[in-house]
Amino acid sequence: MKSEFRSIRIDIDKCQGRMKCLRICPTEALRVRNGKATLLGDRCIDCGECVLQCPNDAFVPQTSSFSDFSSFKYTIALPSPTFYSQFGKGVRPSTILRALKAIGFDDSYDVACASESVSIAIQEYLDSNATPRPLISPFCPAIVRLIQIRYPNLLENLIPIESPMEIAAREAKRLKMHELGLKEHEIGAIYLTPCPAKMIALRHPPRKKHSFVDGVIPISDIYPKLVSALAHSDDSNGAAEVRGLGLGWSIVGGQVACLKAEDAIAIAGLTNVMRVFDEIENGRLKDIQYIECHSCPTACVGGSLTVENPYIARGRVLRMVEKYGSEPCQDRQKIRELYQKNFFSLIGTIAPSPVQPLDDDMSRGIQKMHKRQQIYDMLPKIDCGACGAPTCMTFAEDVVKGDAEAEECVFLTMKTFESMSTNLLEVVGKHSKRIHRGIER
Amino acid sequence: MEDRFSHSFTIRGKHFIDAGKVSTEIKRLLKELGVRADIVRRVAIATYEAEMNVVMYAKDATVTLELTPRDIRIVIDDRGPGIADIELAMQEGFSTATSEMRELGFGAGLGLPNIKKNSDDFKIGSTVGAGTKLEITVFIN
């Protein structure tokens, strides 16, 4: 199995085998073996649920830290639109952008405005491409990966438009190269991320070219520094405010709100997303134009690397949109022209990356499926997880693949003991009668 | 060991809440075997249409899936009203769906033709008042 970069690493020393991750992993990518969690990389979609749930912080997001960027001549912070929702009531996005410069970045660049331009590009794409339908948003890296491994048929439904993160990084770099006469590699663009999955978009970009983003830092790492910087900053600065509906991109429905399409829907949470994907594969939902998909149930404000309660954050985003959203930050006509010049196009194709099949050989695979069913029929089917697999079915599969022993199921072992001890009692019973008779005689 | 896998499922009529579960389950099994994506999609569409027919018209049905390295065979055997004129039912646009069913987005009269279109081999038999039996075969290679 080729080992691809995953945005989450397990710290074995911290793992105490508490099995919480096992139960919540939506793609059944975790096992607990010999008391420690292990990750089946081909099944992981980097959703970050395990990062949120582990009581021992054993899941370490593979993000960057501040010091990783010391080699760059110039650094630009690109805060995810989620970032604006993490601070107290009424703190303005422009103040946050300025405070980022006070904590060590040479500059900061707003991504919400790029989100607005991307929204316009999506609208253009919807208007000029009649098929396929529904089109699916490609901006949540966990969702893209879910499609790559489980729904390869839906790759063609992904709208081939670059993410606001990429567009913003490219623009920010271009502007600074022009303004300061720097070369592209001398400028570091650092995304302040609500989730580890964004790292995947950097390491395995779907496009042929490299990513313009040089690293991602968790919002939770920047947060303490920024809170103290904000305490010393003046909110009544003269800077132009961040405007437009792009500010709403961090919440469920934020993308749909930017579109004119009547039949656009927003779905959040992997279980819900998978149900809808199954329907699309069955040939349904063709009358839906666009589906905004989020792996996290509360979208990006609920990412595993955020600080604020996702519902509080959502409320703040809604108020921000109300206050600054009505006035667009982009000239629609100009964005349309850029769209025509392929400014937003995703170059290259997103390739399928299916989960390892039961066997590379179809014949043997079918035999294994048969065997798996036989084993499953003997199991208690209560998905207790004591064996270290999340469900009885995954356990049966692990046994068939040779990754687990049937005896690891406590119920099977108890049954074996039971029949062994029944035999033993029978044998003991027979003999003791004979012995008793011997004594009586 | 025999390289054949078979499994049975049940579909209950009028249980719209479960509609699509069997086809999703079959699809999952095919993906686990590494069956090509376009074949999975054809099986999914054919099975889903057949499943919806059962949910909309029949009392219940037994679905039998049989997998070999060569083909995927799905038999849907329902207890229901049966189809009086199969030839007519196979025509695109013909439907006996009620307005409620149409409200849900079904009953366009594309069900059976769509099943046939997505199958490599398709058989249909029906007895009015007893039920309908569909046999869908899709080749793996």
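Rule-based calculations on the coordinates, nothing more; no lab input. What you see is a predicted model; the values in this text were computed from it and never measured. Cβ placement follows ideal geometry from the backbone for every residue including glycine, while neighbour counts extend to all protein chains displayed.
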In whole angstrom, how far apart do the alpha carbon centroids of the range A:249-288 and the range A:386-414 sit? 36 Å
Between Rg and the Kirkwood Rh of the range A:8-61, both from Cα atoms, what is the Rg to Rh ratio? 0.89
Equivalent ellipsoid semi-axes, the range A:359-441, via Cα gyration tensor eigenvalues times 5, rooted, Å: 41, 14, 9
Most fluctuating residue given options A:Asp234, A:Asp57, A:Asp214, as computed from a GNM of chain A linking Cα atoms under 10 Å: A:Asp234
Mean separation of Cα contacts under 8 Å (6+ apart) over length of the range A:112-212, as relative contact order %: 29 percent
Would the range A:279-335 count as rounded, prolate or oblate if I go by the C-alpha gyration tensor, calling it rounded below 1.5 in a/c and otherwise prolate when a/b exceeds b/c, oblate otherwise? oblate
What percent does the relative contact order of the range B:5-139 come to when contacts are Cα pairs within less than 8 Å and at least six residues apart? 27 percent
Other chains near B:32-39: what is the mean number of their Cβ atoms within 10 Å of each residue's Cβ? 5
At 4 °C and 1.567 mPa s, what whole-number value in µm²/s does Stokes-Einstein give for the translational diffusion of the range A:113-173, with Rh from the Kirkwood sum over Cα pairs? 104 µm²/s
Cβ-Cβ cut-off under 15 Å around A:Pro152, Lys and Arg +1, Asp and Glu -1: the net charge is +3
What are the semi-axes of the equivalent ellipsoid for the protein assembly as shown, taken as the square roots of 5 times the Cα gyration tensor eigenvalues, largest first, in whole Å? 49, 35, 20
With a bin width of 10 angstrom, please list the P(r) values of the range A:66-340 as percents of all Cα-Cα pairs, from the 0 bin to the one holding the largest distance. 7, 30, 37, 21, 5, 0
Whole-Å semi-axes of the range A:232-273's equivalent ellipsoid (Cα gyration tensor): 32, 15, 4
Rounded, prolate or oblate: which one fits the range A:306-390, using the alpha carbon gyration tensor with axes a ≥ b ≥ c (rounded when a/c is under 1.5, else prolate when a/b beats b/c, else oblate)? oblate
Loop-resident GluC sites (Glu not before Pro) in the range B:31-119 with no more than 14 other Cβ atoms inside 10 Å, DSSP not H/G/I/E/B, are B:Glu92
Cut-off under 5 Å, modelled amide H: who pairs with A:Arg9 long-range: A:Val60, A:Gln62
Do the alpha carbons of any pairs in B:Lys21/B:Lys59; A:Lys89/A:Lys260; A:Lys368/B:Lys27; A:Lys173/A:Lys260; A:Lys381/A:Lys415; A:Lys183/A:Lys341 sit beyond 19 Å of each other, and which pairs? A:Lys89/A:Lys260; A:Lys173/A:Lys260; A:Lys183/A:Lys341
Amide H to amide H, which residues 5 or more places from A:Ser108 or on other chains are under 5 Å from it, using H placed in the peptide plane? A:Ala77
I'd like the Kirkwood hydrodynamic radius of the range B:5-139, using the inverse of the mean 1/r over distinct C-alpha pairs, in Å. 14.8 Å
Ranked on Cβ counts within 10 Å of their own Cβ, fewest leading, A:Tyr339, A:Tyr125 go A:Tyr125, A:Tyr339
